[in-house]
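As structure tokens, the structure follows; a few thoughts come after it.
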Amino acid sequence: MKHIRKGIPIICLFTVNAFGQQKMNLENIFSAIQKNHPEMQMYDAQIRSLDEAAKGAKSWMPPEFGTGFFMTPYNIGLTKAMGAEKGMGSYVVSASQMFPNKKEQNANALFMQSMSSVDKENKQFALNELYAEAKKNYYDWLVIEKKQSVIDENEKLLNFMIQSAELRYKNNLGPLNAYYKAKAELGKIENQRVILNNEITQKKILLNTLMNRDRNENFSIDTNFTIKNYQPVDSNYLLQARSDIRAAERELQTNQLQLNLEKTKQLPQFGLMYEHMFGFGRSPMLFSLVATVKIPLASWSSGSYKANVESLKWKAQSLEAKKQMIINQASGEANGLLSSLNSKKKQLQLFEENIIPALRRNYQTMQLAYEQNTGELFELFDAWQTLNMTQLDYLDQLQELLNMQAEMDKILEIK
């Protein structure tokens, strides 16, 4: 809303940086959060872990080797040849290998490759939450600096009133009926300044924490800001914008790929076993070559497969309901907040165009009358006090608007 930035009758305080002090805007803070926040590093490691695990999706079962005695009598003497009689028994070496089903391998690869896609969307959702937290602290700090600007300006006006009252009293030109009120107000301003400085320190610590830096590292912020205009939100927009909805969709896809994998487990698996036997006592060398097959559809072995398939079907229904729940909740929150934002903008526009200009003109009129000895100090003080309180109230309303905007950006995942 353009009126908010150019119509405020308040002198803005532009922070003067000390030598070497860093000045940061929201983009700088977002970049630091994305790069340094431990939660982002956790997601990156988790995604890498799943991607590395997916590389082994098409691996074969390991081969099996064996060695030992085959049909060898306990009486070792019988293993030796006796005349025309050959010895009994043999020494055997064996090797076996199960061959993976190609369809199962492909289904397993697709399933494992899809697992990290869910975490990638979850990472984006977590990053959006961190951005929203940073925005709220940043906007709070921004408004606090504007309040400090108002306080500094009003302190000058108070000092003018106090000095004028002292001068008039010395010259017997006026009473001190509002003098001590003005002096007390100076003390209140100093108290406000202490409170606001403490609040800035707190915001600085919170932002440094989000950026994973030394909590006491000093920096200043860019006090420029933009009031955004939003359109009514529909479910199609949310489907594209919200990473938690996309995460639910990726989870649905992963669930379907896992279901496909379970279905391939009903297919038979084949294997081959080779044995070579060294006969004792002039017995001939022998071999055996055996083909094996696993039949998972046997009634006593298919229970686990059927249970997993049924479980995954119910999980798909749960994920669909979860996705719809997120859409409904986000749509309701966004459209409700949009109404509040529009209302708050109108309130601020009234402050800018009517209330504050009128109170400022009233103060200027009282100041002119006081300077011309046709007005009283208590009237000037009352006009100043009303203007001061209204300016601070305006900034409180602006802070509420900016925090609403940060919340709307979070709902719509706008950076």
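Descriptive notes on the structure:
- ARG250 vs. criteria touching a Ser or Thr at 6+ places or on another chain (Cβ under 7 Å) and in a helix (DSSP H, G or I): yes
- For segment 152-161, the condition holds for at least one residue, the condition being that it is of a type in the set (S, T, N, Q), touching a helix residue (DSSP H, G or I) at 6+ places or on another chain (Cβ under 7 Å) and part of a helix (DSSP H, G or I).
- Any hit, segment 185-194, residues being within 48 Å of the chain's Cα centre (by Cα) and farther than 30 Å from GLY375 by Cα: yes
- Residues of segment 366-414 that are part of a helix (DSSP H, G or I) and among the hydroxyl-bearing types (Ser, Thr, Tyr): TYR370, THR386, THR390, TYR394.
- Failed item, numbered, when ALA126 is tested on (1) surrounded by 19 or more Cβ atoms within 10 Å (Cβ to Cβ); (2) within 30 Å of GLU413 (Cα to Cα); (3) in contact with a Phe, Trp or Tyr (Cβ under 8 Å, 6 or more places away or on another chain); (4) not basic (Lys, Arg): (1)
- Any hit, segment 352-369, residues being surrounded by fewer than 16 Cβ atoms within 10 Å (Cβ to Cβ), hydrophobic (A, V, I, L, M, F, W, C) and modelled with pLDDT of 95 or more: yes
- Restricting the first member to segment 210-226 and to residues that are at positive phi, and the second to residues that are of a type in the set (Asp, Glu), no beta-carbon pair is closer than 6 Å while six or more apart or on different chains.
- Within the option set GLN192, GLN202, GLN231, being surrounded by fewer than 18 Cβ atoms within 10 Å (Cβ to Cβ) and modelled with pLDDT of 95 or more holds for one residue only, GLN202.
- Subset of segment 60-77 (residues that are part of a loop (DSSP other than H, G, I, E, B) and in contact (Cβ under 8 Å) with a residue 24 or more places away in the chain): TRP60, MET61, PRO63, THR72
- Within segment 67-105, being modelled with pLDDT of 90 or more, within 14 Å of PHE278 (Cβ to Cβ) and of a type in the set (Gly, Ala, Ser) holds for GLY68, SER90, SER94.
Conditions (1) modelled with pLDDT of 90 or more; (2) under 30 Å from GLY77 (Cα atoms), marked per residue:
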| site | (1), (2) |
| --- | --- |
| GLN256 | yes, no |
| LEU261 | no, no |
| GLN269 | no, no |
| MET277 | yes, yes |
| MET285 | yes, yes |
| ALA291 | yes, no |
| LYS294 | no, no |
| LEU297 | no, no |
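- Residue that is nearest to the chain's Cα centre (by Cα) [pool: residues in segment 211-228 that are more than 12 Å from MET24 (Cβ to Cβ) and surrounded by 15 or more Cβ atoms within 10 Å (Cβ to Cβ)]: ASN212
- Residue selected from segment 78-90 under the condition crowded, with 16+ Cβ neighbours inside 10 Å and not in a helix (DSSP H, G or I), by the criterion nearest to the chain's Cα centre (by Cα): SER90
- Any hit, segment 323-331, residues being without any contact (Cβ under 8 Å) to a residue 24 or more places away in the chain, aliphatic (A, V, I, L, M) and within 28 Å of ARG246 (Cβ to Cβ): yes
- Check on TYR230, part of a helix (DSSP H, G or I) and among the aromatic types (Phe, Trp, Tyr): no
Residue by residue, here is whether (1) part of a helix (DSSP H, G or I); (2) within 26 Å of LEU252 (Cβ to Cβ); (3) among the small types (Gly, Ala, Ser) holds:
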| residue | (1), (2), (3) |
| --- | --- |
| TYR305 | yes, yes, no |
| LEU312 | yes, yes, no |
| SER318 | yes, yes, yes |
| ALA321 | yes, yes, yes |
| GLN324 | yes, yes, no |
| GLN329 | yes, yes, no |
| LEU338 | yes, no, no |
| LYS344 | yes, no, no |
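The values are calculated or read from the model by the stated rules, or taken from the named source; none is laboratory data. Since this is a predicted model, take the numbers as computed values, not measurements. Note: ideal-geometry Cβ built from the backbone for every residue, glycine included; neighbour counts use all protein chains shown.
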